[in-house]
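Student: Okay, here's the structure, questions in a sec.
The values are calculated or read from the model by the stated rules, or taken from the named source; none is laboratory data. Note that the coordinates shown come from a computational prediction; the quantities given were computed from them, not determined experimentally. Here the Cβ positions follow ideal geometry from the backbone for every residue, glycine too, while neighbour counts run over all protein chains shown. The area values use the complete protein model at the heavy-atom level, side chains included, leaving out ligands, DNA and RNA. Shrake-Rupley method; radii C 1.70, N 1.55, O 1.52, S 1.80 Å.
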Amino acid sequence: MNYWLFKSEPDEYSLTDLKQEPGQIGRWDGIRNYQARNFLRDGVREGDGVLFYHSACKVPAVAGTAKVVRAAYPDPAQFDPESKYFDPKASSKNPRWFCVDIQWQSAFANPVPLKDIKQNPALAEMVLVKQGRLSIQPVTEQEWTALNRLGN
């Protein structure tokens, strides 16, 4: 089992939105960064844990957890000319972008703000701290445990 941090702007798609989906399962799509795409396509697997991170908001924070319930598959939005994620270079035989399905697991009693993460020595090596803008990033088991402890 691997662990990941997925970033989303809460006004676009929040942990609460995921919880309100049928079966509490949502498609994690719209990734248009090659490094994040590679993590989704090559690393994220069914059963992996996800830290759900709210970004680009008043208090960026890890808000809770989810789990991957469907491994990478071609993002359908890349084929839809009406979608803001349309990619004219993508084809069904050669998709460029991928998505996964995740299921809500928990909301933290105390969301963990980025400022607290940056000040915590146990989390100093997180990709979130070192390479902040990446929307899909690996998390170590120790980081996963520490953040769950802080959030609950």
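Student: How do the pairs read when you match residues in segment 16-36 that are within 11 Å of Phe98 (Cα to Cα) with residues anywhere that are surrounded by 14 or more Cβ atoms within 10 Å (Cβ to Cβ) and charged (D, E, K, R), using Cβ under 6 Å and keeping only pairs 6 or more apart or on different chains?
Tutor: Arg27/Asp101; Asp29/Asp75; Ile31/Arg37
Student: Would you check which residues across segment 16-31 are in a helix (DSSP H, G or I) and open to solvent by 10 Å² or more (accessible area, probe 1.4 Å) and list them?
Tutor: Thr16, Asp17, Lys19, Gln20, Pro22, Gly23, Gln24 - these are the residues of segment 16-31 that are in a helix (DSSP H, G or I) and open to solvent by 10 Å² or more (accessible area, probe 1.4 Å).
Student: Are any residues in segment 82-107 outside any loop (DSSP other than H, G, I, E, B) and open to solvent by less than 70 Å² (accessible area, probe 1.4 Å), and if so, which ones? Write out each step before concluding.
Tutor: Filtering segment 82-107 down to residues outside any loop (DSSP other than H, G, I, E, B) leaves 98-107.
Phe98, Cys99, Val100, Asp101, Ile102, Gln103, Trp104, Ser106, Ala107 - these are the residues of segment 82-107 that are outside any loop (DSSP other than H, G, I, E, B) and open to solvent by less than 70 Å² (accessible area, probe 1.4 Å).
Student: Would you confirm whether or not segment 109-132 contains a residue that is assigned to a loop (DSSP other than H, G, I, E, B), at pLDDT below 95, aliphatic (A, V, I, L, M) and within 20 Å of Phe52 (Cβ to Cβ)?
Tutor: Within segment 109-132 (the criterion being assigned to a loop (DSSP other than H, G, I, E, B), at pLDDT below 95, aliphatic (A, V, I, L, M) and within 20 Å of Phe52 (Cβ to Cβ)), the answer is no, since none of the residues qualifies.
Student: Another one. Residue check: is Asn110 under 23 Å from Arg70 (Cα atoms) and either in contact with a Phe, Trp or Tyr (Cβ under 9 Å, 6 or more places away or on another chain) or open to solvent by 50 Å² or more (accessible area, probe 1.4 Å) (or both)?
Tutor: Criteria not met by Asn110.
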